[in-house]
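A short reminder: the numbers here are calculations on the coordinates, not readings from a lab. Since the structure is predicted, the reported quantities are computational estimates derived from the model, not experimental observations. Counting neighbours? That spans all protein chains shown, and the Cβs are built from the backbone with ideal geometry, glycine included.
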């Protein structure tokens, strides 16, 4: 008789039975049903996803998770994951689904960029004692300000700049839909955004009413499925984001499995309980750039001209696309790189489609400057921002701000097990099962998010201080303060950063 | 006593002193003539702020008999560059006079390029065909010469003003160009201690575009950001020195965008957000809008600059005053310098002396006609 | 070479006009080495490092504006300036006294470890940075006028006094007052806003002991500089002190 599956387990769960005190916490905590209890805790390694919930909650630290030490004959072309993909698809017809972002060892441009520091010829600045400004405004800026005397010996602006979002720092939370993540995640993000003076993004699942109080810290998204999009929704929130694409799945639509559509998700998204939520690949009213312009202005008219952001995945001709978007009337362009995360995407698309955010950012910034229209839009870079060093480098490459999604979820406990699409997240993040979502206390979550971002803020200020810059706008696009190390010369030229030593 | 004697003694004793650059400036606001010897004398006190790898001056009102013509000071590496440039000039401009810049050979000034000056204005038909204003036409022409004609660059292009600069100590440069033989209502001077760029004549201060001349002490840590912003408006940064962006920023903000001088200074040395938030509504809206729109024109890093232009002189510090700047007045004269002693050398008993606050410009204005 | 104008039992007068600082300071050192205790310099303008590194107790009187770093690393003498001074006065000074009858520039008393600096007028930015003290070695800076931003930045010990005489429209000190302070005390007379203070600093009322110290200092200051102290009362001063020795203990995650 054939075994149920010919695919070996990825992980091996080991319980130290001497330490185990039979408290059953592991059984209760695992969202994937990897533990049963006879007279002791019995793990089923085939169900383990290495999310570490059991490990962290075992009071005796009796559990460890290892990579299944099963040895395969080595093959440089057929690494183990590729073999498993074949076996899985032979077992069940279908696209292999995965979650979070591209995990393949493509070159990380950030990891080949180094930052300058001031010495001797220019003083560094001490951010703890001297002023260091991180305030950022996102939105369209005019080409110039018309200044007139105010009649009282001073001056006034004839064209005061409005329609911008004010952030206390250049880091925001990326859009993650309610449905792919739980309501408690949204609450944590909203509370943290408010405390930090930044914004979160609803993602394409609409905005739950319980979050309406945090409207001033929220960008509402209008994606191709238009879930939860109604005029009240549009008018909540400080801006509206048209989601054209996403770094994790450029060019394809979205799919939220029916398992994740419970009552609350159903009411927020306005689709029946238990159906799959399908987001079409294109907006079916945007087949060409002028259609985008039409939608942008439709939204502007409907919202009293709030800033409109357009989120795209970074693909090969991203510079030209960005220029088109700027000319179509967008106020903000959100560039989602190929490392961006998702709740569910076909692995084949996540891992092989798109280009790195660093490169896209550099060429978009370059292109807009070349056309003299850089100040028509603010650029947000996202998709693989892992630390404050990445933030500093992204800004130096030209970003006005960065978005973090994966890092934000990790602050809430996520271990990057990439099983979000199952809806079984043991941490209560990427799930709608009430027994799991209840595990994430929004106050606790918000505190952890604030801790993370505040830590990055301190680190960012230290880096700015070392650069001798006391205002983030002086780092923006300042590629002279970056150097590449070990990056091929063509890529260095494309991103217009010189190699170290020059 | 000739200037040379006093300074050669200093040179013998001089050892390497690590300090930054030094600058000095003076304006007679009533338009009285001041001899170039005054600015040179002032600069001698700042000798130790430089390292002999750059010095220069700019004088305003020095060509009164040709005051309506653009006076271009151009340096050429060799005769072929000069020929190519003159050809271009004669195509684009009507040149009234072209002659060698008067100089005096000084042993300490070496590797002297060909130094010429041309007085003229854009050819009417070329100007009409371009659809530009005369000033824009000249800016484009200067950018073109500096990028396209080999071994050539225009180091001053304003009306009734001129820049004199070279590799050398300021006082030697002054002697070389016979600066004391000129008279003007406004002068700025500079001595340089370059570390970032090679000691070449073009890299000395003042930097000039039209009649803006800038001398700068410090380092612009936002250079890359400022440069990219200016490039959007057609300015090309060719001179390998960060100060270049300040000259172009003044030209852009004041001549093109018509911002008043004080406002332009507040763009480059913008008030802190915490101070903007505390302002009353009208100024708050203004400064917030300015900072949002001109974020890439914020000049970061330590700086003290002196900017000369047709109608006056401006001194400005970065907003946390990381470089020194002192100002003084005596009758109608305004003096601004890196050190008080440089002012006191030529004005022993000023009426007032003060240190401007970081980010607050010191503005001298030429009154009436000059 | 500085010409000797006068030499008597009352001291030596040197003509410093046009003399490079190297020669001038060499001559000063020579004279002091020969036992001269009283030197006057006429026609000073911009010469640097006067009094730099000198030890022993000579008195140097300066007529004119001395250049930067007056009394840098000085260790004992007294310098009297009958004019304004420039930047870097008393840089890392260890002992001695500098009296300026005028204003002084930026960075007065950087890393000062002892001795006194009295300036009758205003002082510039970054005055009294990282002053430090140990037992009886307590550096003091008294400024009769106003100060710019970053007054007392990083202060680790010593006494700073800001009297605020003169133009009462101006705020007596700038922003970031006492930022990074972790020792010492700053006495200020005049209006200060909460907003101006560094995060590490609190305003306290002066204790009796502090009032006594301040009183003595103000008297000495008045007599040395000749400033008009009639309107100045010890009760007008508040004391700025750090409220923690380790204000940055929480910054790091291990």
Largest-first principal axis extents, alpha carbons of chain B, Å: 59, 57, 40
Computed Rg/Rh of region B:220-272, alpha carbon atoms with Kirkwood Rh: 0.96
Relative contact order %, chain A, counting alpha carbon pairs below 8 Å whose residues are six or more apart: 20 percent
FRET E, pair residue A:96, residue C:203, Förster distance 51 Å, beta-carbon r, rounded to 0.05: 0.20
Rounded to 10°, Cα long-axis angle of helix C:208-225 versus longest principal axis of chain C: 30 degrees
Debye equation applied to the C-alpha atoms of region C:1-83, log10 I(q)/I(0) at 0.11, 0.14, 0.26, 0.27 Å⁻¹: -0.22, -0.37, -1.48, -1.61
Packing rank of A:428-434, A:147-153, where each peptide gets the mean count of other beta carbons within 10 Å, highest leading: A:428-434, A:147-153
Helix-only [θ]222 nm of chain B, DSSP H runs n ≥ 4, -39500 (n - 2.57) each, per residue, nearest 500: -8500 deg cm²/dmol
Averaged over A:127-134, number of beta-carbon atoms from partner chains that fall within 10 Å: 6
Cα-projected label distance for residue A:288 with residue A:386, points at 7 Å along beta-carbon direction, nm: 4.3 nm
Inter-chain Cβ neighbour average for residues B:339-347, partner chain, 10 Å: 6
A:472, A:244, B:220 arranged by Cβ crowding within 10 Å, fewest neighbours leading: A:244, A:472, B:220
Chain A: angle of helix A:318-327 to the longest principal axis, Cα-based, in degrees nearest 10: 50 degrees
Distance cut-off 62 Å, percentage of C-alpha pairs in the protein assembly as shown lying past it: 20 percent
Estimated [θ] at 222 nm from DSSP helical runs (n ≥ 4, -39500 (n - 2.57)) normalised by residues in chain A, nearest 500: -8500 deg cm²/dmol
Using alpha-carbon coordinates, inclination of helix C:21-33 to the longest axis of chain C, degrees: 80 degrees
Residue among C:20, C:110, C:154 with the largest mean-square fluctuation in a Gaussian network model of chain C, springs linking Cα atoms under 10 Å: C:20
Cα coordinate range in region A:48-188, projected on the principal axes (Å, largest first): 81, 46, 43
Dimensionless Rg ratio for region C:136-240, taking C-alpha atoms and the 2.2 N^0.38 Å reference: 1.00
Per-pair calculated FRET efficiency, R0 = 60 Å: residue C:136 and residue A:67 via Cβ, rounded to 0.05: 0.35
Centroid-to-centroid separation of region B:38-117 and region C:99-123 [C-alpha atoms, Å]: 43 Å
Hypothetical label at residue A:297: residues of region A:217-256 whose amide nitrogen lies under 18 Å (7 Å Cα-Cβ projection): A:242
Per-q log10 I(q)/I(0), chain A, q = 0.06 Å⁻¹ (Debye; single scatterer per alpha-carbon; no solvent): -0.30
Computed over region A:11-94, the ratio Rg/Rh where both radii use C-alpha atoms and Rh is Kirkwood: 1.08
Average partner coverage of B:297-310, which counts Cβ from other chains inside 10 Å: 3
Label-to-label distance, nm, for residues given as residue A:276 and residue B:114 (7 Å Cα→Cβ offset): 7.7 nm
Relative pair counts by distance (%), Cα atoms of region A:376-454, 5 Å bins: 3, 15, 21, 19, 16, 12, 9, 5, 1, 0
Rough spin-label spacing in nm, given labels placed 7 Å along Cα→Cβ, for residue A:447 and residue A:83: 4.7 nm
Sequence of A:118, B:85 once ranked by neighbouring C-beta atoms within 10 Å, starting from the fewest: A:118, B:85
Net lengthening on full extension, residue A:435/residue A:152 (0.36 nm per residue, minus Cα-Cα): 95.4 nm
For chain C, the fraction of alpha-carbon pairs in successive 10 Å shells from zero, as %: 8, 32, 33, 18, 8, 1, 0
Highest to lowest packing among C:30-38, B:175-183, scored as the average C-beta count within 10 Å: B:175-183, C:30-38
Estimated FRET transfer efficiency when R0 is 35 angstrom, pair residue A:162-residue A:209 (beta carbons, to 0.05): 0.80
Fewest-first ranking of A:357, B:132, B:261, using other Cβ atoms within 10 Å as the exposure measure: B:132, B:261, A:357
Mean shadow area of region C:47-108 over all directions, Cα convex hull, nm²: 3.1 nm²
Angstrom value of the Kirkwood radius, inverse mean 1/r, which spans all Cα pairs in region A:116-251: 17.7 Å
